[in-house]
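First comes the structure, then the notes that go with it.
The values are calculated or read from the model by the stated rules, or taken from the named source; none is laboratory data. Source: prediction; values computed, not measured. A quick note on method: Cβ atoms are made from the backbone with ideal geometry, for glycine too, and the neighbour counts reach across all protein chains shown.
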Amino acid sequence: MVKSYKDIFRQSKSSTFLSYIDNLIASLFIFKFQLLSVTPNFITIFSLFSVFAAIPFLFQGNKILFFILMFISYTLDNIDGTWARIKNQTSDFGKFLDRFLDEIKDFILDLSFFIFYFERINQLIEEKKLLLSIIVLYFIFKCLFYIVRDYRDNSVFSFLNNKRSTKISFLSYGCAEKYLIVFPLMSIFPLIFILYTLIYLPLYFINILIFVFKIKNNFEQKHL
């Protein structure tokens, strides 16, 4: 059964104003191509390949194509979930794959930016061993954060990530803002990448501390 554009858009989920705008575009693509026999998991995987395709353009200095592929990747992220809902193809594996590949994309992009700006950052931190230690520490904290992210009720990331809220805000920060604004700007201005890293490193660490504190409290309560 062919779905109307309005019905498709109603199936989309938006947490920020920018994601709402992108869902308008994603819903249009679904409306035009809804008769294709494509699985939502294929769309999710294609979103990952869009990021892989974007990385060479970052290193070549072609910021426009880098931005376009970031936009395609994020739009595909919006398409896959809505596609699964209108096709009645939602699954636990699909949800896992979508979230897992989002994390992989984040790691790929972070690592690419560290390589891209390594020499410039090295001018600020002249000791290469110290610089590499900071980079490794960043990725360790990022890994641990993803592991504990499900315990978001007590997370300081709540002001950065508004996915739990159904209210759409101009001031919210989510994946749309990250992929469509922050990453493209990071490809142009090294300072934005440095600030991005300096902001996220302590936030990852604080989230991990909150998780450890929560586990400690639960353990103590069970053994009282």
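Overview of results
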read-out: Flag for residue 163 being at pLDDT below 90 and either farther than 29 Å from residue 65 by Cα or among the aromatic types (Phe, Trp, Tyr) (or both); value: no
read-out: Residue 64 vs. criteria surrounded by fewer than 15 Cβ atoms within 10 Å (Cβ to Cβ) and either under 25 Å from residue 96 (Cβ atoms) or β-branched (Val, Ile, Thr) (or both); value: yes
read-out: Residues satisfying the stated conditions in segment 22-61, i.e. among the β-branched types (Val, Ile, Thr) and within 17 Å of the chain's Cα centre (by Cα); value: 43, 44, 45, 51, 55
read-out: Subset of segment 22-53 [part of a helix (DSSP H, G or I) and free of Cβ contacts under 8 Å to residues at least 24 places away in the same chain]; value: 24, 28, 32, 33, 42, 49, 53
read-out: Subset tally (residues that are farther than 29 Å from residue 78 by Cα and buried (at least 17 other Cβ atoms within 10 Å of the Cβ)) for segment 179-224; value: 2
read-out: Pair list, Cβ under 9 Å, 6 or more apart: segment 125-151 residue more than 14 Å from residue 201 (Cα to Cα) and touching a residue at least 40 places away in the same chain (Cβ under 8 Å), other residue surrounded by 14 or more Cβ atoms within 10 Å (Cβ to Cβ) and of a type in the set (S, T, N, Q); value: 148/155; 148/207; 149/155; 149/207; 151/207
read-out: Where residue 89 falls short, out of the listed (1) at pLDDT 90 or above; (2) part of a helix (DSSP H, G or I); value: (2)
read-out: Residue in segment 92-135 that is modelled with the lowest pLDDT, counting only those that are farther than 30 Å from residue 46 by Cβ and among the acidic types (Asp, Glu); value: 126
read-out: Unmet criterion (only one of (1) touching a strand residue (DSSP E or B) at 6+ places or on another chain (Cβ under 8 Å); (2) at pLDDT below 80) for residue 219; value: (1)
read-out: The listed residue being at positive phi, without any contact (Cβ under 8 Å) to a residue 24 or more places away in the chain and not basic (Lys, Arg), out of 122, 62, 88; value: 88
read-out: Qualifying positions in segment 10-23 - under 14 Å from residue 80 (Cα atoms) and either in contact with a strand residue (DSSP E or B) (Cβ under 9 Å, 6 or more places away or on another chain) or at pLDDT 95 or above (or both); value: 22, 23
read-out: Subset of segment 128-150 [outside any helix (DSSP H, G or I) and in contact with a helix residue (DSSP H, G or I) (Cβ under 9 Å, 6 or more places away or on another chain)]; value: 149
